[in-house]
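We did not get these values from a lab; they are worked out from the coordinates using the rules stated. Everything numeric here is computed off the predicted structure, so don't read it as measured data. Methodologically, a virtual Cβ is constructed for each residue, glycine included, from the backbone with ideal geometry; neighbour enumeration extends over all protein chains shown.
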Amino acid sequence: MIVHDDEPRLMKGNEAMAEAAIRAGLQAYFGYPITPQSEVLEYLTVEAPKRNFVVLQAESELAAINMVFGAAGAGARVMTSSSSPGISLMQEGLSYMASAQLPALVVNVNRGGPGLGTIQPSQSDYFQATKGGGHGDYHLLVLAPSSVQEMADFVFDGFRLADEYRTPVMILADGALGQMMEKVALPKAGSLPFTPKPWATTGKLEGHDRNIITSLFIQPEKMEQVNLQLQEKYKRAQKEVRFEAFHVEDAEILLVAFGLAARISQKALEMARERGIKVGLLRPITLYPFPSKVISNLVENVASVLVVEMNAGQMVEDVRLAVNGRRPVSFKGRMGGMIPSPDEVVHEIELIAEQHRVVQV
Amino acid sequence: METNPLMSDMELVYRKPSTLTDTPFHYCPGCSHGVVHKILMEVVDEMGIQGQTVGVAPVGCSVFAYNYMNVDMQEAAHGRASAVATGIRRVLPDKYVFAYQGDGDLAAIGTGETIHTVNRGENILVVFINNGIYGMTGGQMAPTSLLGMVTSTTPYGREQSAMGFPLRITDLVAQLPGAYYVTRQAVHTATTVRKTKKAIRNALEYQKLKKGTCFIEVVSNCPSGWKMTPTEANDWMEKNMIAYYPLGDLKVPKEHS
């Protein structure tokens, strides 16, 4: 349970995240500037000398994630943030951290790609975030905020999950959430406990074995055991599934969208309902673990599903797996940093409604 | 402590320090790694800092260094040992932190991390094993392979026009203001082993001062990779490697010179 300040403040998403991290007991941050998330590094470098934590601008995202590795292995509450091209560079380190079972918080303020792409908001890193991203069989736990309030809150949730499951956790935001200002009630400092980390390399204790942080298990029998442990962990993490549902009780068309696309879909939902179309919205908050069961249950009572994303259609694949052919699943997306308007989404809803004749006259 | 009756009236002149585990080294006969592991851990033992030392192992032949070194250790991704060591040292500023790396790790894939770690003057020790070859992957060209040197990826000898020059990265590192102590040593004779051990001792003592990075290159052999017997390898190393990578201090702290 996160305890918040009484007085809300007006803050940018990136800054709210940085402030929340300090209040969550951040001990070290390693990062590299990249638009649209540089405010996190900037904010933290201003605060570090006053509030006693380590902040370091690394020479690259490669170095930054490996500094995170070292600090996490040494038991620190540690974080990095970046945006899509930088997150690509961090994939090596994330794979190593997943294997070595190191807790850390990684924020991706997603911008449009592929390549150097654009600095405008996008959700095109969904696959990379939820399916592993680097080499080997692993997942990050992934949280998808849709407001500045959640940008701040999910920092607390992220650190908590990272410690509990000994795994890197990702907040998958986007450039709009990072840059926009909203009212936010910040989580109170000191409300996130520190868990003991007897496995950390802080110096060998007398009479104890040394601690070793490694992702190297050269014997395949051992490597398989480590993989089984990871899979067991991901199974355990299924209980962390979080989502938000709007007007699903009587919905005939179910929208599924996360992050910024969910906010746009919520507006579209209201507009469609004004036009007499019974639309509901399911917003996955955890993208991994994914709320497959919830979608599977909801879909029994709807005629059709529409997935809205700011990409070419990525989460829609997970939705289709959950729906498993029982209902038509259509997709509306914009790519390359373009944001779909509520009108565009309503237009899609109307097309579907027409096909299924679910308009209530 | 139980005394061996056969040894009861003998003077103990040598023992394995508790900072080395009982695991036998996997290194090839004649390889320098075992010697460097031993003297590094002897210094940790002699300074009484086993409980305050955290090491970082690289990718390369010494990837399993943590099987032998009885201190807390982390295994880094290829080339990232000094970044990992930076992360450790920044959150544990009073511990002794070292990164142990080979030439491919430190001077090819990890060049960026090496330069910037030293340039920031991270208070760590970097032990750099330079044997001019990729041993672990089967003897491919390293950034430090000498011109004309035959490796599995320079079967006709390293040619400058195609493969550039052997990289004297330690000379480069010595130019950086963040470097506090930079030296190039070897371990192929009793004298050189003693000198290298002294250098390691200096470096770990300096780490307490928090005045910058200490960097020790150990010019090493690779009998298997070079396809020589251990003694041939040492002779070849002395004649060729040390000629190009001369031994000695490259940067000594002013207050200690």
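Restricting segment A:40-55 to residues that are surrounded by 24 or more Cβ atoms within 10 Å (Cβ to Cβ) and of a type outside the set (Val, Ile, Thr), the residue that is nearest to the other protein chains (Cβ to nearest Cβ) is A:LEU44. Test B:ALA85 against the stated conditions and say whether it is part of a loop (DSSP other than H, G, I, E, B), within 14 Å of chain A (Cβ to nearest Cβ), within 17 Å of A:GLU59 (Cα to Cα) and aliphatic (A, V, I, L, M). So B:ALA85 does not fit the description; no. Going by what's in this entry, would A:ASN66 be described as over 19 Å from the mean Cα position of the chain (by Cα), facing another protein chain (nearest Cβ under 9 Å) and closer than 24 Å to A:GLU19 by Cα? Here the answer is yes, as A:ASN66 does meet what is asked. Set side by side, the residues B:ASP45, B:ASP94 differ, and just one is more than 7 Å from every other protein chain (Cβ to nearest Cβ) and not in a helix (DSSP H, G or I), which is B:ASP94.
Does segment B:29-52 include one or more residues that are within 15 Å of the chain's Cα centre (by Cα), crowded, with 24+ Cβ neighbours inside 10 Å, free of Cβ contacts under 8 Å to residues at least 40 places away in the same chain and under 22 Å from A:LYS197 (Cα atoms)? Checked against the condition, which is being within 15 Å of the chain's Cα centre (by Cα), crowded, with 24+ Cβ neighbours inside 10 Å, free of Cβ contacts under 8 Å to residues at least 40 places away in the same chain and under 22 Å from A:LYS197 (Cα atoms), segment B:29-52 yields no hits at all. Highlighted here are the helices (runs of 4 or more DSSP H) found entirely within segment B:153-217 that include at least 3 residues which are surrounded by 13 or more Cβ atoms within 10 Å (Cβ to Cβ), in contact (Cβ under 8 Å) with a residue 12 or more places away in the chain and within 16 Å of the chain's Cα centre (by Cα): B:169-174, B:190-207.
The residue that is nearest to A:PHE159 (Cα to Cα), among those in segment A:1-60 that are of a type in the set (Val, Ile, Thr), in a loop (DSSP other than H, G, I, E, B) and out of contact with any helix residue (DSSP H, G or I) (no Cβ under 7 Å at 6 or more places or on another chain), is A:VAL3. One residue stands out among those in segment A:201-241 that are out of contact with any Asp or Glu (no Cβ under 8 Å at 6 or more places or on another chain) and hydrophobic (A, V, I, L, M, F, W, C): the one that is farthest from the other protein chains (Cβ to nearest Cβ), which is A:VAL241.
Scanning segment A:169-198 for residues that are touching a residue at least 24 places away in the same chain (Cβ under 8 Å) and either among the small types (Gly, Ala, Ser) or within 14 Å of chain B (Cβ to nearest Cβ) (or both) returns A:ALA173, A:GLY175, A:ALA176, A:GLY178, A:ALA185, A:ALA189, A:GLY190, A:SER191, A:PHE194, A:LYS197.
Where strands (runs of 3 or more DSSP E) sit wholly within segment A:202-303, those with at least 3 residues that are closer than 21 Å to A:PRO340 by Cβ occupy A:243-246, A:253-256, A:279-284.
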